[in-house]
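What follows is one structure encoded as structure tokens, with my remarks underneath.
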Amino acid sequence: MKHARILATALAVGLAPIAAKAQSMSPMRGEINSFTDVFAVRVFPANPYDRKIRVEIHVYDQDFQPVDARVSPNVFQLASQASRSVLVVVPFDGAAERKVRICTESIPFPNQQTQIRAQICGKFFGRRKS
Amino acid sequence: MSLVRAACAAALLVAGIDEAALATTQNVIFNGTIAPTCTLVVATNGTMTASPDLQSLSSHNGGGSAGTVTLTTTGGVSLSVDPVTTMTVPSADSTSTTWTPTYSAAGAHAIGETGSATSITTPGADLVSVHLAGTKGGSNRFANGNYQATVTLRCE
């Protein structure tokens, strides 16, 4: 029991910085089995900048066409070095399986002549179980 | 008194050694899995300038500069740019323009300038330079005023 506690503490201390700072969005891959008409993914966008940024979450299909998914929240401000959870609920739309991209987008320096939009996309595969 | 202290210390030391000698060792196993991840940090936006014949507005032209982005990845990802879909042009510019975004990378991965997707298989950090070039054909010319474009750099 004591060893388990020590191990859990070590893992929590060791992995926390990775989850909080080292990614712009995690996870970037996933397979989800669902017994309903939708499948849900929780992603964690992170802000690696030293200032607040505006973040948008978009869901696309394999051809980068928008998917009518429920994203909460889909637009938000993220503080420097912070991350937060976003819940994405994707409908199967009658299919037995569905591949989607969930993308975190931000334009950290707007109102410039040539702006760069950084987009981090994760690929997720939902499979409907009967 | 000091003799008593020394005796006590010696006794404790012996007891400690004894304990250590009797102790068993246990292995604590740590497992960790890192899924493909990617971080893009925009350092600077780009600047486009016009060519002397006014048929090119590009970050490659003299006085222009590429946008720069820091990429850090575990590998197992793909880097690409999207075609430019949103462009703000001055009202005096009514002729069509072909916009071509490209990128190159230097650092852990050497990627020559390209507009296509690049698969990155190994981990490392890179400085990505993002360029945008607009060209006009025939007798068309860029007009006086402000142009603004957004280039999407994607890591997936």
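The values are calculated or read from the model by the stated rules, or taken from the named source; none is laboratory data. These numbers come from a predicted model, not from an experiment. Heads up, the Cβs are rebuilt from the backbone with ideal geometry, glycines too, and the neighbour counts pull from every protein chain shown. Just the protein is used for accessible areas: all its heavy atoms, side chains included, with ligands, DNA and RNA removed. Shrake-Rupley method; radii C 1.70, N 1.55, O 1.52, S 1.80 Å.
Search segment B:32-51 for residues that are farther than 30 Å from B:VAL89 by Cβ and in a strand (DSSP E or B) and pair each with any residue that is open to solvent by 40 Å² or more (accessible area, probe 1.4 Å) and among the polar types (S, T, N, Q) when their beta-carbon atoms are under 6 Å apart and the residues are at least 6 apart or on different chains. Partner pairs satisfying both residue conditions: B:THR39/B:THR72.
If the condition is being among the hydroxyl-bearing types (Ser, Thr, Tyr) and either buried (at least 20 other Cβ atoms within 10 Å of the Cβ) or in a loop (DSSP other than H, G, I, E, B) (or both), then segment B:59-87 contributes B:SER59, B:THR72, B:THR73, B:THR74, B:THR85, B:THR86. Of all residues in segment A:102-127, those satisfying the criterion of being surrounded by fewer than 20 Cβ atoms within 10 Å (Cβ to Cβ) and at pLDDT 95 or above are A:LYS123, A:PHE125, A:ARG127. Here the condition is being within 14 Å of chain A (Cβ to nearest Cβ), farther than 27 Å from A:ARG51 by Cα and more than 22 Å from the chain's Cα centre (by Cα); of B:GLY62, B:GLY145, B:GLY138, B:GLY76, it holds for B:GLY145 alone. Scanning segment B:116-129 for residues being over 11 Å from the mean Cα position of the chain (by Cα) and crowded, with 20+ Cβ neighbours inside 10 Å gives a total of 1. For segment A:83-130, a residue qualifies if it is outside any strand (DSSP E or B), in contact with a Lys or Arg (Cβ under 9 Å, 6 or more places away or on another chain) and either β-branched (Val, Ile, Thr) or more than 10 Å from chain B (Cβ to nearest Cβ) (or both), and the qualifying residues are A:SER85, A:PHE92, A:ALA95, A:ALA96, A:ILE107. Just give me the residues in segment A:58-82 being open to solvent by less than 50 Å² (accessible area, probe 1.4 Å), more than 14 Å from every other protein chain (Cβ to nearest Cβ) and assigned to a strand (DSSP E or B), in sequence order. Passing the criteria: A:VAL71, A:PHE76.
Take the conditions (1) at pLDDT below 95; (2) surrounded by 12 or more Cβ atoms within 10 Å (Cβ to Cβ); B:ALA108 misses just one of them, which is (1). Of all positions in segment B:87-98, at least one carries a residue that is touching a residue at least 60 places away in the same chain (Cβ under 8 Å) and more than 10 Å from chain A (Cβ to nearest Cβ). Regarding segment B:98-105, can at least one residue be identified that is open to solvent by less than 60 Å² (accessible area, probe 1.4 Å), out of contact with any strand residue (DSSP E or B) (no Cβ under 7 Å at 6 or more places or on another chain) and at negative phi? Within segment B:98-105 (the criterion being open to solvent by less than 60 Å² (accessible area, probe 1.4 Å), out of contact with any strand residue (DSSP E or B) (no Cβ under 7 Å at 6 or more places or on another chain) and at negative phi), the answer is no, since none of the residues qualifies.
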